[in-house]
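Just below is one structure, and these are the notes that go with it.
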């Protein structure tokens, strides 16, 4: 592992030296300055940020970058909105949720990146035009696409095989049929100890990004919550999703409790797990003995066509409090070079938003060594992002409360719960107009 780390450091340093000499000569005319960079606070992204900032600072002694992980809170979005309000934002952040963009820009928190003369060539040199267009806010781009983590379904092959399941479930019917034999008491104490699945049942808004939202995107053939600015999820697809999860809880295939003793998938206490590509590295580290496979999330039995999912994108932005916008932009460009996208894969096991991800030979060795990640790379073309709507946290809170009432506790029928969530969503939208 040490040799791999050395290789990655050298790769980043050589790539930047070859491509960044002119930038260094230009910045030599500028007096010493400092930029602040906030990456996500997870260990892998901190390691990536520390590596890249170290290389940058060695090559740009007059434009130093200070790395500080985003302060830990319930969500990054709450931290950034508070920082915007208090004018304590960093120069650059690489944990920007596209769905929160409207709130950030309405507060005047970000600068328009397309005002830099080379934005188009930089962005389109990495990201397909149709994908880039989805990140436009009005007439401008306030974010540059960075990474995507498609949400998919992991299956524990041993637990399925022990229950006589040889085909990975891909529809609601197949999943529920498998659940009837997978969910069981294995030690005779009258308590279920192997579950088909499990979700965090607390009504926390971002939890719906790993159950209702990706399942709705899949069931609807790629739709999201809004269409032309109007609430658009009162339909058969959303009702089927709520019915599916209600069936999982009502029949005892999912527990009604929140696990306190560790991750039940890592402990091989549940047969399926909804997650993103970061889970591959987690399993390699904490459950190397597990045999598993990854497929798209289940869809209704009559669904036809490609299966879409939530892309869980995180992008990079520059905040309006920066005193050095041009230098901050140079640092952003440094973060998204092909060589540093390889580091994103190697260190974080997360996918850069690139049109050539599966074709570029630079990434070929990584995918040969990590075949499970190829599954996510292929899914990346069939992803959707959160809508750019006002106060998405409140909207997903509304959905979470109805999800809890309907799916977890079965107190309301799916159609009624969906209508209630949509009505409250419309009130939130109207309030913010």
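The values are calculated or read from the model by the stated rules, or taken from the named source; none is laboratory data. Remember, predicted model here, so these are calculated numbers, not experimental data. Positions of Cβ are generated from backbone atoms using ideal geometry, with glycine treated the same way; all protein chains shown enter the neighbour counts.
Could you grab me the full set of residues in the range 171-193 that are over 27 Å from residue 402 (Cα atoms) and modelled with pLDDT of 95 or more? Within the range 171-193, 181, 182, 184 meet the criteria.
Regarding the range 395-415, can at least one residue be identified that is assigned to a helix (DSSP H, G or I) and farther than 26 Å from residue 75 by Cα? There is at least one residue in the range 395-415 that is assigned to a helix (DSSP H, G or I) and farther than 26 Å from residue 75 by Cα.
When residue 273 is tested against (1) assigned to a loop (DSSP other than H, G, I, E, B); (2) farther than 24 Å from residue 236 by Cβ; (3) in contact (Cβ under 8 Å) with a residue 12 or more places away in the chain, just one condition goes unmet, and that condition is (1). Apart from one condition, residue 227 fits all of (1) out of contact with any helix residue (DSSP H, G or I) (no Cβ under 9 Å at 6 or more places or on another chain); (2) surrounded by 18 or more Cβ atoms within 10 Å (Cβ to Cβ); (3) within 18 Å of residue 421 (Cα to Cα); the exception is (2).
Note on the range 60-101: residues that are part of a helix (DSSP H, G or I), surrounded by fewer than 19 Cβ atoms within 10 Å (Cβ to Cβ) and out of contact with any helix residue (DSSP H, G or I) (no Cβ under 7 Å at 6 or more places or on another chain) total 4. Taking the range 376-392 as the range and being crowded, with 19+ Cβ neighbours inside 10 Å and either part of a helix (DSSP H, G or I) or more than 19 Å from the chain's Cα centre (by Cα) (or both) as the test, the residues that pass are 376, 377, 379, 392.
Yes/no per residue for (1) assigned to a loop (DSSP other than H, G, I, E, B); (2) surrounded by fewer than 21 Cβ atoms within 10 Å (Cβ to Cβ); (3) in contact with a strand residue (DSSP E or B) (Cβ under 6 Å, 6 or more places away or on another chain); (4) not assigned by TED's automatic domain parsing to the domain that holds residue 102:
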position: 345; (1), (2), (3), (4): no, no, no, no
position: 363; (1), (2), (3), (4): no, no, no, yes
position: 419; (1), (2), (3), (4): no, yes, no, yes
position: 424; (1), (2), (3), (4): no, yes, no, yes
position: 427; (1), (2), (3), (4): no, yes, no, yes
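Any chance the range 114-124 includes a residue that's in the same structural domain as residue 237 (by TED's automatic domain parsing) and part of a loop (DSSP other than H, G, I, E, B)? Taking every residue of the range 114-124 in turn, none turns out to be in the same structural domain as residue 237 (by TED's automatic domain parsing) and part of a loop (DSSP other than H, G, I, E, B). For the range 117-153, filtering for residues that are farther than 19 Å from residue 341 by Cα and surrounded by fewer than 21 Cβ atoms within 10 Å (Cβ to Cβ) leaves 10. Determine, yes or no, whether residue 199 is within 19 Å of residue 245 (Cα to Cα), without any contact (Cβ under 8 Å) to a residue 60 or more places away in the chain and in contact with a strand residue (DSSP E or B) (Cβ under 9 Å, 6 or more places away or on another chain). The answer is no for residue 199.
Pairs linking a residue in the range 231-250 that is assigned by TED's automatic domain parsing to the domain that holds residue 176 to a residue that is surrounded by fewer than 20 Cβ atoms within 10 Å (Cβ to Cβ) and not in a helix (DSSP H, G or I), with Cβ atoms under 6 Å and 6 or more positions apart or on different chains, are 232/226; 240/300; 246/410; 250/410.
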